[in-house]
Structures are given as structure tokens and as C-alpha cells.
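Shown next, in C-alpha cells, is the structure this report addresses.
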Amino acid sequence: MGSLGDRSMHEFEDDSLFTPEAESEKIQRVHGLQNGSVSGDFPSSGNKILQNSVCRSIKTVVFSNKLNLLMPFGPLAIMVHNLTGHKGWVFFLSLLGITPLAERLGYATEQLTFFTGATVGGLLNATFGNATELIISIYALKSGMIRVVQLSLLGSILSNMLLVLGCAFFCGGLICCKKEQVFNKASAVVNSGLLLMAVMGLVFPAVLHYTHTEVHFGKSELALSRFSSCIMLVAYGAYLFFQLRGQTELYVPLSEVDHGGNHDDNEAPEISKWESLIWLAIMTAWISILSQYVVDAIEGASASWNIPISFISVILLPIVGNAAEHASAIMFAMKDKLDISLGVAIGSSTQISMFGIPFCVVIGWIMGRPMDLNFQLFETATLFITVIVVAFFLQEGTSNYFKGLMLILCYLIVAASFFVHEDPTPVATMECKKPNLENK
């Protein structure tokens, strides 16, 4: 009886918390707290709740992934830079430090997609997944390393289209081996068309350069690049409007059609929307700091490792920068959400080609740097062939592990080609090109 009485008393106390008098008292305490006239344990309890929330968020984001063991390499790279100045080690440690940050950037974006639709979620994944490459490119452009900007952006497109998409197809095909995975073919066709448009924008300045048919030598190529970049930015803006505000029913993922547009019952966000936004800001800021050390150490790393700058820019930098796309695309493919995987991989390539590259040209224009769309003959041909190959793989609207394996093998061929490729336009030459163009 005593225990029953105690329980009844506790129940009465719990119920009394929701009475109008208790609610009025709570409101008065809040107003008093804002006016600074109330003392007691209410502020301390509020601080305790906030501390618990912060600790839980840090535990979820920082300590839930084994890849985050690489995070200390970022501060270590800064220490090595300040103490020894060894470019090779600074570059290597900075890449290791950026890798988990890029992956966590993708994780925070993935958590944010729970509060948005699949279309907006794919766009967010592509945008923040490309944040690393764009930050590195802006720092390199500021340092006058135009060739590094061109090669790193090109490498990001190749990595997303061949390696990331190939791994997604391969892993998804192995998990869902008893059936053929399908995706929305209409969206893939539109992205393929945009990629071909981007190739066209890169081909004409290169052809103009190598055929020596410029009206004004040294100026027409740059002017054409800047004009084409503005057109590509307008086209990408129209694509976003068409995708988000226009005929959205054509681009609804097939998984949403089958399940009524709902998330799986066993899936729920691990952090809140505002926590996701805060972590996105923190990761982006930390990546910006380490990107500066990466850019400053590229030439020294190339000399100390005896590896071409083109291979470092096209292969190594994008693999690290695309860690977020890699993790997201593979995870969604293994959950049979191939439309989101395509939105991450192909959408990211589309965003880099139609927004990232033209954006850097415009930023270089503002900075007074002669950034153009002439990526040289070898690089432009590689991109053109890659877009054609991927377009053929996407035209059926289905995927399996064999298609993924073919895309991965194609990427290995591209990587080997750039390892033995000697860039005809060194970084120093591109940096010295600016005064010559300005004087003409």
C-alpha cells in the first residue's frame, strides 16, 4: 500500500506539471530569466540540457565513425608546416586531415536531407560534396595556380562519373544481386545533356587555340571562355529552376513512387536540422583552413615524390574531395535508392562542369587571373570520351554490378593515363601568363 501510495503521489505530481497554474508559473520564470530577475535552479537545468545536447551531437558526429581517427592529422599538418616546412609531408598530412572532414560533410548533408525532399536532398549532397574542390580551387586561383584549378575540377568530374558512380553501381548490384536496380531515366538523360553542353563549352576554346584561328591572338580564347561561362551559369540556373519549381513530377525518384515518398520506417535523423547546419559550417571552415596548406604544398610534394602535378591534381585531390560523394552514393545504392546515388554522383559532375568551372572563370575574371576554358587537348578529349561512355551506361535506366565494375576499370585507365602524361603547360607558365595577356 505504501508503494502504491507513493506511486499515486508521483503520478499526481507528474500530472500537476501540465496544469494551467504550472504552465503559467513556467512562463513567468522564463520572462523573469530574460529580465535577469529570477534566480534558482532553472538556468542551471537549462544549461545542463544544452550541455547534454552538445555532448550528444559531438558524440554522434565526431566519435561515431572510425574514419574520424584521421582528424588529428589536420592540426599535425599545420604543426609540420610551421616547424619543418617539408612540403611533401604537409601535403600528405593535409589530405589525410581533409578526408574525414569531407566524409562528415556528407554525413551532415545526409542528415539534412531528412528535412527536405529527395530532389533538394540530392542537390544539397552535390553542393556540399563539391565544397572541398571549390574551396581548394579558389585558394589555388588566388595563388595564380590556374592549371591546378583546371586539373582538379576536371579530376572531380572524372572521379564522380567513373569512380563514385561505378562503386555505387557495383556495391548496390552486389547487395541487390537478385534483381536489377532501376533509376529515373529522365533525370539521367537531362544530366547527360548538361554534361555534353559543358564539354562543348570546353571544346571550342581548345579547338580555337590549337587551330590558331583566333581573331585577336591571346584575347579571343579568353573572351570566348568568359562568355561561355556566363551562358553555362545561366543554363545551370535554368536547370535548377526546372528541377525544383518546374516539372518536378518527371524527376520523382522511383523509390518514392513505390513507397509514397516516405522514408523507410526504420530510418530517422540522428541529429536535428540546426545541428546539421552548424556542423556543415564547422566542417566547411576547417576544410577551408586545410585547403590553403594543400595548395601551398602541391608543387613541393610533386618535386619530393617525383609525381606529376597533373596526376596529383586530377587523381589524388578529387579522391579526397569526393569522400563525401563516395560514402553517400554507395550507402544509398546499397539501400536500393539509386536515384539519390545518381543525384549525388552525376548531379555532382553536372554541378562542377556547369557551375564550378564557369564560376572559377568568373572569379578569376574578377581577380584579374586569366582562367579560361581551354583545358588542353588531352584533358578535353578524356572528358569527352568519359561523358559518352557514362551516357551509354545510363540510357537504359538500369544498373548492376557489372556496369559498376566497367566504370571502375575505366577510371583506372584514366588514372594510369595521367600518371604517364606530362602537362605541356606548367603551373609557373600559367602564372606568368597573366601580365602578357594584360599588356596585349
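What the table below lists for this structure:
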| quantity | calculated |
| --- | --- |
| Hits in the stretch 116-144 - residues which are at pLDDT 75 or above and in a helix (DSSP H, G or I) | Ala131, Thr132, Glu133, Leu134, Ile135, Ile136, Ser137, Ile138, Tyr139, Ala140, Leu141, Lys142 |
| Qualifying position, being among the β-branched types (Val, Ile, Thr), under 30 Å from Gly300 (Cα atoms), at pLDDT below 85 and part of a helix (DSSP H, G or I), among Thr429, Thr425 | Thr429 |
| Residue match in the stretch 190-209 (condition: open to solvent by 40 Å² or more (accessible area, probe 1.4 Å), at pLDDT below 85 and over 23 Å from Ser156 (Cα atoms)) | no |
| Candidate set from the stretch 75-90 (those that are open to solvent by less than 40 Å² (accessible area, probe 1.4 Å) and modelled with pLDDT of 90 or more); member that is farthest from Ser152 (Cα to Cα) | Val80 |
| Thr113, sole failed condition from (1) open to solvent by 30 Å² or more (accessible area, probe 1.4 Å); (2) at pLDDT below 80 | (1) |
| Residue tally, condition hydrophobic (A, V, I, L, M, F, W, C) and open to solvent by less than 10 Å² (accessible area, probe 1.4 Å), over the stretch 349-364 | 5 |
| Some residue of the stretch 211-223 being of a type in the set (S, T, N, Q), under 25 Å from the mean Cα position of the chain (by Cα) and not in a helix (DSSP H, G or I) | no |
| Condition check for Val207: in contact (Cβ under 8 Å) with a residue 40 or more places away in the chain and within 19 Å of Thr386 (Cβ to Cβ) | no |
| Of all residues making up the stretch 228-264, the number that are loosely packed, with under 13 Cβ neighbours inside 10 Å, at pLDDT 50 or above and not aliphatic (A, V, I, L, M) | 7 |
| So Ile340, is it under 26 Å from Ala188 (Cβ atoms), assigned to a helix (DSSP H, G or I), in contact with a helix residue (DSSP H, G or I) (Cβ under 9 Å, 6 or more places away or on another chain) and open to solvent by 10 Å² or more (accessible area, probe 1.4 Å) | yes |
| Candidates Arg147, Arg104, filtered to the one that is within 24 Å of Leu76 (Cα to Cα), at pLDDT 80 or above and not hydrophobic (A, V, I, L, M, F, W, C) | Arg104 |
| Residue list for the stretch 175-189, restricted to those being buried (at least 20 other Cβ atoms within 10 Å of the Cβ) and out of contact with any Phe, Trp or Tyr (no Cβ under 9 Å at 6 or more places or on another chain) | Phe183, Ala188 |
| Out of Gly364, Gly347, sole residue that is modelled with pLDDT of 90 or more, in a helix (DSSP H, G or I) and touching a helix residue (DSSP H, G or I) at 6+ places or on another chain (Cβ under 6 Å) | Gly364 |
| Any chance Ile271 is of a type outside the set (Ser, Thr, Tyr), assigned to a helix (DSSP H, G or I), at pLDDT 60 or above and surrounded by 12 or more Cβ atoms within 10 Å (Cβ to Cβ) | no |
| Residue check for Gly172: open to solvent by less than 40 Å² (accessible area, probe 1.4 Å), within 25 Å of Gly356 (Cα to Cα) and part of a helix (DSSP H, G or I) | no |
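Quick grid of which residues meet (1) of a type in the set (D, E, K, R); (2) over 30 Å from Thr116 (Cβ atoms); (3) in contact with an Asp or Glu (Cβ under 8 Å, 6 or more places away or on another chain); (4) surrounded by fewer than 21 Cβ atoms within 10 Å (Cβ to Cβ):
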| residue | (1), (2), (3), (4) |
| --- | --- |
| Ala329 | no, no, no, no |
| Asp336 | yes, no, no, yes |
| Ile366 | no, yes, no, yes |
| Asn374 | no, yes, yes, no |
| Val389 | no, yes, no, yes |
| Phe402 | no, yes, no, yes |
| Met406 | no, yes, no, yes |
| Leu409 | no, yes, no, yes |
| Phe418 | no, yes, no, no |
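The values are calculated or read from the model by the stated rules, or taken from the named source; none is laboratory data. Keep in mind that what you see is a predicted model, and the values were worked out from it rather than measured. Don't worry about glycine lacking a Cβ; one is built from the backbone with ideal geometry, like all the others, and counts go over all protein chains shown. Heavy atoms of the whole protein, side chains included, go into the accessibility calculation; ligands, DNA and RNA do not. Shrake-Rupley method; radii C 1.70, N 1.55, O 1.52, S 1.80 Å.
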